[in-house]
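FYI, it's all coordinate maths here, none of it is from the lab. The shown structure was predicted, so the numbers you read here are calculated from the model rather than taken from an experiment. A quick note on method: Cβ atoms are made from the backbone with ideal geometry, for glycine too, and the neighbour counts reach across all protein chains shown.
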Ligand SMILES: Cc1cc2nc3c(=O)[nH]c(=O)nc-3n(C[C@H](O)[C@H](O)[C@H](O)COP(=O)(O)O)c2cc1C
C-alpha cells in the first residue's frame, strides 16, 4: 500500500496533503516548500489586485516547478454606502483610541474591491494547474473557462448540502471544512443557521453523499488526525494552523506565541474583523466589537476598515487589535520550517497507517 489514490492522481502530487491557503500568513516560500516536498501548496490571492496576484504567482513559480493551487474568494462585490461606512469607522476608531492605538483611518472614497473574475485571465495565462475557492461559488462561466484550460477546481463546503451543491455544478474536489478550522468559514448557503459541524461528523457524511474526492479541513495537525480523516473517508487533508508558526509564515511573533500557548477553548468564532464568521484566538478588539451589536456590512467592507488598525497593531507587536486566526487544535503547531512540518506529517502518517 502506498499514498497513491484518486486525489493524488488528479492533482499530480505524491502525498494527498494540501497546505491550506491562509491569506495574511501564507507566503510563496511556504507554498513552494510544501509543493517541493510532494504535497500541494496553496497560494491565497483573495482580495488582491490582478497585478499583485500575478506577482505572487510568478514568485511561487520561481521557487517550485511542482503543482500548486491558487486560492480565490468567490463572494460578490458589495455596494459601498459611504455614510454608513464612515459611521462604522468612527465607532471602530473610538475603540482603538480608547486603547491607545493610533492609526490613520481608511479613505472611504479610495476603497477598491477586486472580483475573482478579474484574476481568472492571469491564472489561465500562468498555467496554474489547480484553483481552490471559498466564500461562495464561482459562476458557471468561470467554471467553464477554468475547465477548458485544464484547471482543476476545489470548492469549500461546511455542510453536506454545500458539498452536494458544489458537486452538482461540476467542482472536481471538495474541501469539507469542519467547525474546528482556523480562519474564515467557507459557508455559502445562508438559508439556514451557520453550519457548525465538526470534522468528525462532517467528513463521513460528506464522503457518503458525494462521489468526487473529499479533502478534510479543520483540526488536522499531525499523523493522528490525518489517519482519522482518511479512515472517515477523506482522500486527502487540507492543513492550515499547523503551518502558522512555520519559518515561512507571515505571522508576527506575538501571534505565533499566542498560537503556541492557545488552549483548546481559546479560539472563538467572530465577525468582528471582517463581518464574516471566522475562528481566531479571542482578543480585546473582538470583545469590544461584540459589545457594539453591529449590523455587519457585506464582506469585505468591515475588513477594509480594520486593515489599517491591524497593520498598526502588528507593527507594535500588539496582539489585541489584529487577527489571530487559528483553529481549535492550533497549539499543536510546531515552530519549524514548512518543509520539516510537512515531512513530519508524512512520516507520522506512514508510521500510523503502515503506508511504507
Ligand atoms: C490564518 C488563516 C487564514 C486563512 N485564510 C484562508 C484563505 O485565504 N482562503 C481559504 O480558502 N481558507 C483560508 N483559511 C482556512 C483554511 O483554508 C483551512 O480551512 C483551515 O486552516 C483548516 O483548519 P485548521 O486551521 O484547523 O488546519 C485560513 C485559515 C487560517 C488559520
* Asked: When DSSP assigns beta bridges and you keep just the ones with both residues in the chain, what percent turn out antiparallel, to the nearest 5?
  -> 20
* In nm, spacing of pseudo-spin labels at residue 102 and residue 340 (7 Å Cα→C-beta vector) -> 4.0
* Asked: With a ≥ b ≥ c the root eigenvalues of the C-alpha gyration tensor of the stretch 160-299, is it rounded (a/c under 1.5), prolate (a/b larger than b/c) or oblate?
  -> oblate
* To do: First measure r as the distance between the Cβ atoms of residue 148 and residue 49, then evaluate 1/(1 + (r/R0)^6) with R0 = 30 Å and state the FRET efficiency to the nearest 0.05.
  => 0.75
* To do: Report the full-extension gain for the segment residue 250 to residue 86: residue separation times 0.36 nm, less the Cα-Cα distance, to one decimal in nm.
  => 56.0 nm
* So how far apart, in nm, are the two label points at residue 111 and residue 311 if each is 7 Å from Cα heading toward Cβ? -> 1.6
* **Cα-based helix-to-principal-axis angle, 199-209 vs the chain, degrees rounded to 10** => 60
* Angle between the chain longest axis and helix 82-98 axis [Cα atoms, degrees, rounded to 10] -> 90
* Structure fact -> With a ≥ b ≥ c from the Cα gyration tensor eigenvalues, square-rooted, and the rule rounded for a/c under 1.5, otherwise prolate when a/b > b/c and oblate otherwise, the stretch 281-322 is oblate
* To do: Would you please classify the overall shape of the stretch 143-237 from the alpha carbon gyration tensor, given that a ≥ b ≥ c denote the square roots of the eigenvalues, rounded means a/c under 1.5, and beyond that prolate means a/b larger than b/c while oblate covers the rest?
  => oblate
* Asked: On a 0 to 90 degree scale, rounded to 10, what angle separates helix 301-315 from the longest Cα axis of the chain?
  -> 90
* To do: Any chance you could check the Cα centroid distance between the stretch 113-156 and the stretch 330-352 for me, in angstrom?
  => 30
* Under a 10 Å cutoff between Cα atoms, tell me which one of 36, 283, 104 has the largest fluctuation in the Gaussian network model of the chain. => 104
* Of the listed peptides 149-157, 257-265, what is their order by residue-averaged count of other C-beta atoms within 10 Å, with the highest listed first? -> 149-157, 257-265
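Pull out the extension gain between residue 320 and residue 208, defined as 0.36 nm times the separation in residues minus the alpha carbon to alpha carbon distance; nm, one decimal.
Difference between extended and current length: 36.1 nm.
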* Give, in nm to one decimal, the length gained when the segment between residue 287 and residue 164 is fully stretched (0.36 nm per residue of separation minus the Cα-Cα distance). => 40.7 nm
* What residue among 24, 178, 327 has the largest mean-square fluctuation in a Gaussian network model of the chain, using Cα springs under 10 Å? -> 24
* Which residue, 177, 209, 238, has the most motion in a Gaussian network model of the chain that connects Cα atoms within less than 10 Å? -> 209
* Stokes-Einstein translational diffusion, the stretch 229-356 - Kirkwood Rh over all Cα pairs, 1.306 mPa s, 10 °C, in µm²/s -> 98
* Order by protection proxy (mean Cβ within 10 Å, highest first), peptides 59-67, 223-231 -> 223-231, 59-67
* Using alpha carbon centroids, what distance separates the stretch 269-307 and the stretch 2-17, in Å? -> 37
* Using the beta-carbon distance between residue 125 and residue 190 and R0 = 30 Å, what value does 1/(1 + (r/R0)^6) give for FRET efficiency, to the nearest 0.05? -> 0.35
